[in-house]
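Quick notes on the structure that follows.
What follows draws every value from the coordinates through simple rules; no lab data is involved. Keep in mind that this is a model prediction, so the values were computed, not measured. A quick note on method: Cβ atoms are made from the backbone with ideal geometry, for glycine too, and the neighbour counts reach across all protein chains shown.
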Amino acid sequence: MYKILIVEDEKLLSEMYEDKFSQSGFSVVVANSAEEGLGLLKKEKPDLILLDILLPQENGIQFLKRMKDIAEVSKIPVVVFSNYDDPETKKKAFDMGARDYLIKTNFTPSEIVEKIKDFLNKINNPLP
Amino acid sequence: MLIFAISGFVNGITSLILGILVYFKNKSGKINQIFGLFSLAAAIFGLGYGFWQLSQSEQDALFFLKILSIGFIFIPILFFHWVLFLLDYYKKLKKILIPGYIISLFFLIFLPTSLFIKNVGPVLNFSWWPQAGINFYFYIIYYIVFLGYSLYLLLDNYKKTAGYKREQIKYIIIGTIFGIFGGLTHMPLWFNIPILPFGTFFMFLYPLFMAYSISRYRLMDIRIAIGRSLIYLFSFSIIIFFASILITIGNRFVNIVSFSVLSSINLIVCILLFQPIFNFFEKIASKYFYYTFYSYQTVLTDLGRKLTQVLDLDKLSSLIVSTLTNTMKLDRTVILLRESGNGDYRIQKNIGFREENGISLVKDNFLTAWLEKNQTPLVYEELSLIIRDVLKKEEKESLEKIKENMKKIEAALCLPLFIENKISGMIVLGNKISGDPYSQQDIALLNTLANQSSIALQNAKLYDQVHDLSENLQEKVDTQTKELKSAYEELKVLDKAKSEFISLASHQLRTPLTAIKGYISMILEGSYGKLPGSASKPLNNVLGSAERLIRIVNDLLNISKIELGKMEINKTAASIEEIISACCEEMKPAIENKGLKLIWHKPKSPLPEVEIDKLKIGQVISNLVDNAIKYTQKGEIDIEARKTDSIIRISVKDTGEGLTAEELKMVFEGFTRGAAGIAYWIEGAGLGLYIAKKYVDLHNGKIRVESGGKGKGSIFYIELPIK
């Protein structure tokens, strides 16, 4: 069972994704801000982080930066998923090590869950 | 007596020559004319005197006495008249002239009578000396009054003036005294007072002093004339001397060669020798007689040459001013230049003048206008006479003002600098330290120099202006560049702000849309419990609407990215067939729903791979197929792809509504082409084709449409370059 950390400030959406991921067999931890997320990271050590960009106070990019400085958690894969479709931000995210940048509206929650599942399987069971 | 005769002739001839020289120097000048007449009178006196002394009979004596009397009757009044001109008292005292002339005429009329000359008889050693008649007593009074008053005026002026004018007056006074004295010494004998008229011997000094003084006064400047006369005199003398020697030698040989041959040879030799001898004397005269003029000439010619070499305005003006001051030994010089814009003067270079004085002459426009009209330098000494000849009152007053000013600041000469007959500046010169006035030649030389200087100064000024202009231009360009840069930076910031805004706006729009899509899809999937069957369709409609909104937001975001130039193209090697196949799969449900047929004419041999953004080109093809489905009610949609030369052409053909000619024009315009475009968009074609075109453009490809018209279907083509 995989554990994922969802960093999303919109309660409306975070609840929705939490529901879907839970129903799909994931253990879900939710943070509503970057600060909260970083705190939970060390404690929970999830297998993957679903990170929104537009967060209160610090944004997703800063989260990525700060994450890098914490040795134990710096290697956890991050998938950015946000409705903020800005090329520069995208570039920055990838530079910071994000594995993907998904636009929320383009996918149903099911589709997102599928993507994450595939992704995690590939990481943990790399094909020879 | 012979000696007196000779003296008389000498006096007469010198006066005559002097009078002729002065008169012909400037026939129109009043002062020259009067002096001419005066000299004529003196000449008549002198020559008459000479002949009288030689007379052998009483009649001859009386006759010549009367002749010479004509001369000396007019001498006092003419002399007085001339002095009035000289000292510029003409206006003041001309009233006195009328009675003066009347008196002279009176004497003249009564000359033939014995009222003037009673008779002639021997006195002392003179055979025929006149005896005074009554009129002669009056004549003496008249003589003393007019000549005395003239002398008084001259002395008075002498005390008042300074510098060169003082010198002139000095010599005139000396000459006049000799003249008057000479005249006076004649008179005693008329009354049988036994005093010999020895003054006669000194009378010729009068014209000599006059000549000396006059030659230093530019107005009747006959220095050069005297010089040339002397040269001729010397040349002739030498030739004649030479000729006489030849004749003497020739006389020795008159036996061998005939006289006429000898004379001819003599003549030829003399003629041939004249020119070289004349040139020789002229050269000597240039060197020594006109020494100052000659040396000026060399220096100023040198200066002329140097003027062409110096371009710096400051250096140039310094050069001109210092050369003039040092060569002509002036006490002050200033160059004034006119600004090109407003015509104001400013001091360019000054030696000796006080700053405010240097520019005071051009405070008003009068001097400039006057110089431009007369196109000639203004000499202080000449001003009195110019003023006298001017008729208009205002002009007279203005000239008087200038005269006063020039006197105050001790300026002697205003040399205008002309560019195309307009004044571009002025060189104002002070007096020569020596006290000498400016001669004609000085002025001519200065004029030439002025012409050269004005051009050189103009060039230097222009050079400066061009230099300033280019510096200015450089500055302007730099400022503009800076402005442009900052405007560019601002625009960049604005750009960034715009794209951030769009991104933020779309984010805000998307959040609720995500929730709608997400929850509805989960409900439909049964995440929140079993769904009543009847709920399925309505919920799907909701989902469809949400998708539509999402698509619109995506389109808007894409368009703004395209317009801001921020659309990225991620090119990878791709197979067109794959993309088309995938699209067909995607569209299958919609096709089947509408009962249409979709035929993908896959090429037999595989197409080469193309470097394209798979996602975007996929979107373009999907968009085309989507439209085809939307606008076709029945029939089929054919998709083809083939390679032609260096491009791959994809075509999507439908049997649908087709497009009118109008629509064909607008179909790719989106809403950026005004009302028609907006109408098209609103009616439902959407931004898809607009974006499709932009995507294809970003690939350097082409997209176009053909249609037979309304109801005749349409074919959309996409052409992509392979490389």
Aspartates and glutamates with Cα under 17 Å of residue A:104, excluding same-chain neighbours fewer than 8 positions away:
A:8, A:9, A:10, A:15, A:18, A:19, A:52, A:85, A:86, A:114, B:547, B:555
For a quick protection proxy, order the peptides B:315-328, B:365-378 by their average other-Cβ count within 10 Å, most packed first.
B:315-328, B:365-378
Highest average packing first - A:46-52, B:199-205, Cβ atoms within 10 Å
A:46-52, B:199-205
Extreme residue, positive dipole direction of the protein assembly as shown, given options A:79, B:722, B:316 (C-beta unit charges):
B:316
Can you give the Kirkwood hydrodynamic radius for segment B:294-461, in Å, rounded to one decimal and based on Cα pairs?
16.0
Take the Cα atoms of segment B:2-221, build their convex hull, and give its volume per residue in Å³.
106
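How crowded by other chains is B:74-81, given as the mean number of beta carbons from other chains within 10 Å of each beta carbon?
On the way: counts 0, 0, 0, 0, 0, 0, 0, 0.
Taking all residues of B:74-81 together, the mean is 0.
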When the dipole is taken about the Cα centre of segment B:572-721, and only Lys, Arg (+1) and Asp, Glu (-1) are charged at their Cβ, what size is it in debye, to the nearest 20?
240
Using alpha-carbon coordinates, inclination of helix B:576-594 to the longest axis of chain B, degrees:
60
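How many partner chain Cβ atoms sit within 10 Å of a residue's Cβ in peptide B:521-534, on average, as a whole number? Let's see the in-between values first.
Values: counts 7, 8, 0, 2, 5, 1, 8, 2, 0, 0, 0, 0, 0, 0.
Mean inter-chain Cβ contacts per residue within 10 Å come to 2.
What's the FRET efficiency of residue B:311 with residue B:264 using the Cβ-Cβ distance as r and R₀ = 56 Å, to the nearest 0.05?
For R0 = 56 Å, the calculated efficiency reads 0.35.
Measure up B:92/B:329; B:616/B:653; B:594/B:702 against 32 Å on the Cα-Cα distance and list the ones that go over. Walk me through the intermediate numbers first.
Details: B:92/B:329 36 Å; B:616/B:653 20 Å; B:594/B:702 30 Å.
From B:92/B:329; B:616/B:653; B:594/B:702, over 32 Å: B:92/B:329.
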Count charges around residue A:73 for me, please; just the other residues with Cβ under 12 Å from its Cβ, Lys/Arg as +1, Asp/Glu as -1.
+2
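Express the relative contact order of segment B:572-721 as a whole percentage, based on alpha carbon pairs under 8 Å and six or more residues apart in sequence.
Numbers: 269 pairs, mean separation 35.4, N = 150.
Value for segment B:572-721: 24 percent.
Considering only the other residues whose Cβ falls under 10 Å of the Cβ of residue B:657, what net charge follows from Lys and Arg at +1 and Asp and Glu at -1?
Values: positive: B:630, B:710, B:712; negative: B:654, B:663.
Combined, the nearby Lys, Arg, Asp and Glu give +1.
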Any idea how far the Cα center of segment B:311-344 sits from the one of segment A:25-87, in Å?
84
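Where the convex hull is taken over the Cα atoms of the protein assembly as shown, what is its projected area averaged over directions, in nm²? Let's see the in-between values first.
On the way: hull surface 307.2 nm².
One quarter of the hull surface, i.e. the mean projection, equals 76.8 nm².
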Along the three principal axes, how long is segment B:449-552 when you take its alpha carbons, biggest first, rounded to the nearest angstrom?
116, 17, 12
Using only Cα atoms, tell me the angle between helix B:291-307 and the longest principal axis of chain B; keep it within 0 to 90° and round to the nearest 10.
0
Restricting to lysine pairs 8 or more places apart or on different chains, what number in segment B:456-566 have Cα atoms under 27 Å apart?
20
Put a dot 7 Å past each Cα toward the Cβ at residue B:490 and residue B:339; how far apart are the dots in nm?
3.3
Per 0.36 nm of contour for each residue apart, how much would the distance between residue B:717 and residue B:279 grow if the chain were fully extended, relative to their Cα-Cα spacing?
147.3 nm
Provide the FRET efficiency to the nearest 0.05 for the residue B:363-residue B:2 pair, computing r from the beta carbons and using R0 = 60 Å.
0.35
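Using the beta-carbon distance between residue B:249 and residue B:444 and R0 = 51 Å, what value does 1/(1 + (r/R0)^6) give for FRET efficiency, to the nearest 0.05? Mind dumping the intermediate values first?
Working: r = 46 Å, r/R0 = 0.90.
Result of the calculation: an efficiency of 0.65.
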Taking 1 over the mean of 1/r across every pair of different Cα atoms in chain A, what Kirkwood radius in Å do you get?
14.5
Percent antiparallel among DSSP beta bridges (both partners in the protein assembly as shown, rounded to 5):
70
To the nearest 10 degrees, how steeply does helix B:58-86 sit against the main Cα axis of chain B, on a 0 to 90 scale?
30
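Quote the charge dipole size of chain B about the Cα centre in Debye, to the nearest 20; the model charges only the Cβ of Lys and Arg (+1) and of Asp and Glu (-1).
Numbers: 80 positive and 66 negative charges, 266 e Å.
Computed charge dipole of chain B: roughly 1280 debye.
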If you project the alpha carbons of segment B:588-635 onto their three principal axes, what span does each projection cover, largest first, in Å?
35, 25, 16
Simple label model, 7 Å out from Cα along Cβ direction - residue B:60 to residue B:347, nm:
7.3
What does segment B:1-113 give for Rg and for Dmax, in Å, if only its C-alpha atoms count?
15.3, 48
Listed peptides B:482-495, A:101-114 by packing density, highest first (mean Cβ within 10 Å):
A:101-114, B:482-495
Dimensions (Å) - chain B, Cα atoms, principal axes, largest first
177, 73, 45
With each label point set 7 Å from Cα along the Cα-Cβ vector, what nm distance links residue B:573 and residue B:297?
9.7
